[in-house]
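Just so it is clear, none of the values below were taken in a lab; they were calculated from the coordinates. No experiment lies behind these values; they were computed from the predicted model shown. No Cβ is skipped: glycine too gets one built from the backbone with ideal geometry, and neighbour counts run over all protein chains shown.
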Amino acid sequence: MLYKHFASQEEIDRAYDPMLGRDPMVLVNDWRKRSEASRENHRVTLDLAYGPSLAERMDIFHADSPKAPVHVFFHGGYWRSLSHREFSFIVDDLVKSGITVAVVNYALCPQVRFSELVRQSQAAVAYVSCHANELGVDPYQLSISGHSAGGHLCAMLMSTDWQGTFGLPNELIRGALCVSGLYDLRPFPWSWLQPKLQLTGRDVHEFSPLGLACRVPSPMHLVSGELELDGFQSQMNDYSEHLRQHGQHVTQQLVPSVDHFTILEHYLNGGCFVEWIKAFHD
């Protein structure tokens with residue numbers, strides 16, 4: 001077996017490729033159109049540099065209130081595609097609720113090693129925390145979320161030794177929402193993704209949250225869509241159990257009637273994600 005009960009790449013791909021049978025350009029073009037409207041409708045600082053490389057940029061959507069809570073969002077794309085610009089549309093209800101939102105861009109595989117994606121994600125959160133006064137946000141009211149690969153990055157952020165690595169308190173993240181995340185990298189060296197990801201055995205070991213301690217003692221919500229592929233639901237269940245065994249405050253939910261992509265609509269129109277994120281800051 002390559003991974004769990006999977007004996008072939010074809011089986012792994014069927015369990016983990018949410019684009020099978022879909023036209024990706026139709027989906028992405030819709031996100032881009034909606035995101036452009038969001039950038040026009042809010043006070044936004046575009047492409048703020050949080051690190052030295054060209055990829056290390058974030059868009060800050062400012063809430064009206066001074067010293068607002070801040071939410072940091074990490075996009076999906078299986079670590080090898082898309083950017084922050086496709087995902088501005090998720091901010092609308094959060095900003096209306098008085099929460100400033102940072103939508104983070106990061107470098108992609110195979111242009112950089114997998115470890116660099118994780119480092120850049122850590123750098124983005126550290127930047128927001130350390131530059132809170134300049135951004136007009138409260139550094140003690142910082143939460144995170146991410147979709148798909150972004151859900152994985154959020155889990156890695158919850159496993160980061162913030163005190164030892166950055167000199168920041170391990171409590172700096174008030175809560176994490178991991179949407180359709182991936183927490184066990186073991187299937188992907190055997191998948192269609194490997195030519196892009198170029199995962200090594202060391203990468204799989206060091207960057208699979210399922211094998212790591214959670215160092216941030218804050219609540220986590222793990223969600224997956226009822227219509228998602230089995231691989232995503234299975235990883236949510238496994239990671240949730242891992243967190244519970246290590247004493248982490250975690251809840252998990254299978255969101256009805258949504259798939260890997262339509263689940264993002266729960267950031268909008270009174271969806272449950274906004275209420276959960278607001279609760280992180282109560």
Note to self: Could you work out [θ]222 nm for the chain from helices alone, using -39500 (n - 2.57) per DSSP H run of at least four and dividing by all its residues? Round to the nearest 500 deg cm²/dmol.
What the structure shows: -10500 deg cm²/dmol
Next item on the list: Provide the net charge surrounding F114, with neighbours chosen by a C-beta distance below 12 Å and charges set as Lys +1, Arg +1, Asp -1, Glu -1.
Entry: +2
Next item on the list: Mind jotting down a quarter of the surface of the convex hull over the alpha carbons of the range 144-223, in square nanometres, one decimal?
Entry: 5.4
Item checked: q = 0.15, 0.19 Å⁻¹: log10 I(q)/I(0) that the Debye formula gives for the range 186-228, counting C-alpha atoms only -> -0.58, -0.81
Checklist line | Chain lengthening between E10 and D230 when straightened (0.36 nm per residue, less Cα-Cα) | finding: 77.8 nm
Checklist line | Point-to-point label distance, R113-L254, nm (Cα→Cβ direction, 7 Å offset) | finding: 3.9
Checklist line | Spin-label model distance (nm) - C130 vs L54, 7 Å beyond Cα toward Cβ | finding: 2.4
Item checked: Peptides 76-88, 145-157 ordered by average Cβ neighbours within 10 Å, highest first -> 145-157, 76-88
Next item on the list: Of the listed values (1) 18.5, 59; (2) 17.5, 55; (3) 20.7, 63, grab the one calculated as Rg and Dmax of the Cα atoms in Å from the structure here.
Entry: (2)
Next item on the list: Count the net charge of all other residues whose Cβ sits under 9 Å from the Cβ of Y267, scoring Lys and Arg as +1 and Asp and Glu as -1.
Entry: -3
Item checked: In degrees, nearest ten, helix 149-158 long axis to first principal axis of the chain (Cα) -> 70
Checklist line | Lysine pairs meeting the criterion (Cα under 30 Å, 8 or more apart or interchain), as found in the chain | finding: 7
Checklist line | Whole-Hz couplings from phi, Karplus 6.51/-1.76/1.60, listed for the range 31-38; x for Gly and Pro | finding: 4, 5, 5, 5, 5, 4, 5, 5
Checklist line | Spin-label model distance (nm) - L268 vs R39, 7 Å beyond Cα toward Cβ | finding: 1.6
Notebook entry, point to check: Which whole-percent values make up P(r) of the range 124-282 when all C-alpha to C-alpha distances are grouped in 10 Å steps starting at zero?
Noted result: 10, 38, 35, 15, 1
